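Only one structure is covered here, and it is reproduced in the block below.
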Amino acid sequence: MATLSYMRLLRFAMRPRAWRPTWLLLSLASGLGACAHQPVDPSARLPGWALDTRPADRPRPRFGVRGRSESSDFVVAALQSAGLRFGTDGTVTSLWQYLRSAHPSVEPVRARPGDVLLFRVAPAAVEADACDAPDAAAIVTAVDESGRIGFIEARGGRKLLSYVDPIHPGIRRDAEGQVRNSFLRTPRWGEPLDAPLLAGQMLCAVARPLG
């Protein structure tokens, strides 16, 4: 219906000046201007398979090394399908080097759909900064009113919907039983009792490659 209305306005606007009242021209300019400035969701550039957990062919990057990390392959393939042209050596660390050199990083509380999350899942040496070498990546699909981030990750041969709460990184569930932070790995024998297991404890950075 909106399209038909604007077509009528355009036909009237093309008539001789005597037939073009001022209110009509102002309405046309205002309407077209509003359409031109509607914000575009950056995540709309991503392929559908990157934003849901339904089974699909395993995505493969078009450029660069592949097969070294399913986590990296998933995110790289999604970004390349969205129009970005880059390659990596197949690791998440290489992906992170590209993202931080070519695109802005944002605070986790400002994450939005289409952003890329970087995690360090494997325990690192005590003296090392774990986030210097992230080993997992994921794509943000949604952020709810409480700040909880939903994201799609590739792990164990599947696409999984997981959650991270950057405001409460050490909380598994809230008082209502809602998952705030997903487990990204299971504990192993001999590890320190305080070794991180939750997504919030492992979140290293948020990159915004799609503007």
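Quick look at the numbers
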read-out: Condition check for LEU160: surrounded by fewer than 16 Cβ atoms within 10 Å (Cβ to Cβ) and aliphatic (A, V, I, L, M); value: yes
read-out: Any hit, the range 187-198, residues being more than 30 Å from ARG85 (Cα to Cα), acidic (Asp, Glu) and out of contact with any Pro (no Cβ under 8 Å at 6 or more places or on another chain); value: yes
read-out: Residue under evaluation ARG60, criteria (1) surrounded by fewer than 15 Cβ atoms within 10 Å (Cβ to Cβ); (2) under 19 Å from GLY211 (Cβ atoms); (3) touching a Lys or Arg at 6+ places or on another chain (Cβ under 6 Å), criterion not met; value: (2)
read-out: Single condition ALA138 does not satisfy, out of (1) in a helix (DSSP H, G or I); (2) closer than 19 Å to GLY48 by Cβ; value: (1)
read-out: Residue list for the range 88-131, restricted to those being in contact (Cβ under 8 Å) with a residue 24 or more places away in the chain, surrounded by fewer than 15 Cβ atoms within 10 Å (Cβ to Cβ) and assigned to a helix (DSSP H, G or I); value: ARG100, ALA102, VAL109, ARG110
read-out: Residue that is farthest from GLY90 (Cα to Cα) [pool: residues in the range 133-149 that are surrounded by fewer than 17 Cβ atoms within 10 Å (Cβ to Cβ) and touching a strand residue (DSSP E or B) at 6+ places or on another chain (Cβ under 9 Å)]; value: ASP144
read-out: Subset of the range 50-87 [free of Cβ contacts under 8 Å to residues at least 60 places away in the same chain, among the hydrophobic types (A, V, I, L, M, F, W, C) and not in a loop (DSSP other than H, G, I, E, B)]; value: VAL76, ALA77
read-out: Within the range 32-49, tally of residues that are in a loop (DSSP other than H, G, I, E, B) and at pLDDT below 80; value: 5
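The values are calculated or read from the model by the stated rules, or taken from the named source; none is laboratory data. Given the structure is predicted, the values throughout are model-derived calculations rather than measurements. FYI the Cβ positions are ideal-geometry reconstructions off the backbone, even for glycines, and counts take in every protein chain you see.
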